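> My questions will all concern the structure given below.
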Amino acid sequence: MFVRAFRKYAISYLFLLPWFLGFLFLALIPFLYSLFLSFTDFDMFTAPEWVGLGNYKEMLMEDGRFQKALRVTFIYVFVGVPVELAVALLLALLMNKGIRGLSLYRAVYYIPYLFGGSVAIAVLWRKVFGVDGIFNQFLAMFGIQGISWIGTPSTAIYTLILLKVWQFGSPMIIFLAGLKQIPKELYEAASIDGAGRIGQFRSITLPLLSPIIFFNMIMQLVYSFQAFTPAYIVSNGTGGPVDSTLFYTLYLYEKGFTNFSMGYSSAMAWFLLMVIAFFSAIGFITSKKWVHYEG
């Protein structure tokens with residue numbers, strides 16, 4: 001029976017073979033091998049040496065820079081994501097009013113998302129918020145003496161958060177698509193009942209848009225935890241000043257490809273996976289209380 005089924009779908013399996021091979025050798029095997037390496041001391045030049053939970057113990061209890069990288073990443077994620085989603089939703093609401101040239105506005109607002117994660121934009125961002133950058137030139141017009149926003153520990157991380165917020169294009173387009181699906185009859189009925197714009201937003205827009213909000217939140221959460229390029233370029237790969245932009249992924253890269261502690265960096269990668277899974281799970285569990293699906 002198995003042979004008969006195999007013969008029946010042999011052509012299909014043949015076409016799927018490249019995908020299976022790619023998944024096996026480019027995803028599954030490296031995935032499992034990195035899990036093995038996370039329990040070893042491996043410098044990429046000698047054979048891995050089994051250390052058990054040694055990497056995880058050092059990471060959580062002895063490595064101060066690891067804790068700093070985790071704290072910086074948490075600030076980036078839990079400040080940047082809510083602000084980005086709020087800006088994206090606000091602009092989606094404005095563009096949902098039937099303004100002229102909507103397609104042009106959507107394209108213009110989407111462009112920062114396409115290029116925001118590039119090296120060129122990160123370099124430009126470093127110039128904009130430098131001592132002689134455009135931002136300080138703007139402040140000088142009002143008699144305000146600017147500082148090196150990128151080079152000051154207390155403000156450096158917030159310039160990167162601003163860069164993230166600037167990349168609101170993708171969630172904005174998704175919000176706009178969700179707003180288009182809300183029946184106008186609901187707003188008309190609410191208006192007849194005396195509900196104002198704020199009441200309509202609270203009672204109609206937010207509940208019906210909650211699945212879209214939840215989707216955008218989870219996606220941006222995952223992307224933000226994996227952010228790397230802005231911190232690497234802006235800090236010249238050091239995470240400075242004073243580790244104020246030391247993203248988790250940047251420290252992982254430093255450990256693995258600068259210090260050649262591939263076992264340690266593999267442990268960091270798996271810990272990051274658990275962190276993302278943990279917060280995603282919290283999102284899914286709490287979504288039962290605030291995400292409303294039709295029907």
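The values are calculated or read from the model by the stated rules, or taken from the named source; none is laboratory data. Remember, predicted model here, so these are calculated numbers, not experimental data. Positions of Cβ are backbone-derived with ideal geometry, glycine not excepted, and every protein chain shown enters the neighbour counts. Only protein heavy atoms, including side chains, enter the accessible area calculation; ligands, DNA and RNA are left aside. Shrake-Rupley method; radii C 1.70, N 1.55, O 1.52, S 1.80 Å.
> If you take the beta carbon distance between Ala120 and Ser148 as r and set R0 to 22 Å, what does 1/(1 + (r/R0)^6) give as a FRET efficiency, to the nearest 0.05?
On the way: r = 21 Å, r/R0 = 0.94.
Computed FRET efficiency for Ala120 and Ser148: 0.60.
> Okay, moving on. With a 1.4 Å probe and all protein chains left in place, how much of the accessible area of the chain comes from carbon and sulfur atoms, in whole percent? Walk me through the numbers before you get to the answer.
Working: 12330 of 17700 Å².
Exposed carbon and sulfur together represent 70 percent of the surface.
> Can you give the convex hull volume of the alpha carbon atoms of segment 213-295 per residue, in Å³? The partial results should precede the final answer.
Values: hull volume 8.6 nm³, N = 83.
In segment 213-295, the Cα hull volume divided by residue count equals 104 Å³.
> Something else: Please state the equivalent ellipsoid semi-axes for segment 147-295: what are the square roots of 5 times the Cα gyration tensor eigenvalues, largest first, in whole Å?
Values: eigenvalues 326, 77, 24 Å².
Taking √(5λ) for each eigenvalue gives 40, 20, 11 Å, largest first.
> Given the pairs Lys164/Lys184; Lys180/Lys288; Lys97/Lys184, which are separated by over 21 angstrom at their Cα positions? It would help to have the intermediate numbers written out before the result.
Working: Lys164/Lys184 33 Å; Lys180/Lys288 24 Å; Lys97/Lys184 12 Å.
Lys164/Lys184; Lys180/Lys288, as the Cα separations exceed 21 Å there.
> Rounded to whole Å and sorted largest first, list the principal axis extents of the Cα atoms in the chain.
The principal-axis extents, from largest down, are 76, 73, 35 Å.
> Keeping every protein chain present and rolling a 1.4 Å probe, give me the accessible area per residue for segment 206-294 in Å².
Working: 4100 Å² over 89 residues.
Roughly 46 Å² per residue, with all protein chains present.
> How much solvent-accessible surface does Phe257 expose, in Å² to the nearest 10, with a 1.4 Å probe and all protein chains in place?
Phe257 exposes around 120 Å² with every protein chain in place.
> Could you give the dipole magnitude of the chain about its Cα centre, charging the beta-carbon of Lys and Arg +1 and that of Asp and Glu -1, in debye to the nearest 20?
For the chain, the charge dipole is close to 960 debye.
> For the charge dipole of the chain, defined by +1 on Lys and Arg C-beta atoms and -1 on Asp and Glu C-beta atoms about the Cα centroid, which residue among Val128, Phe20, Thr205 has the Cα displaced farthest towards the positive pole?
Towards the positive end, the residue furthest out is Thr205.
> Show the residues, 5+ positions off or on another chain, whose built amide H is closer than 5 Å to the amide H of Asp41.
Long-range HN contacts for Asp41: Glu49, Trp50, Val51.
> Next question. Provide Rg over Rh for segment 1-158; use the alpha carbon set for both Rg and the Kirkwood Rh (inverse mean inverse pair distance).
Working: Rg = 25.6 Å, Rh = 22.2 Å.
So for segment 1-158, dividing Rg by the Kirkwood Rh gives 1.15.
> Something else now. Beyond 11 Å, what percent of the Cα pairs of segment 176-227 remain? Spell out each step's value before the answer.
Details: 956 of 1326 pairs.
Summing the P(r) of segment 176-227 above 11 Å gives 72 percent of all pairs.
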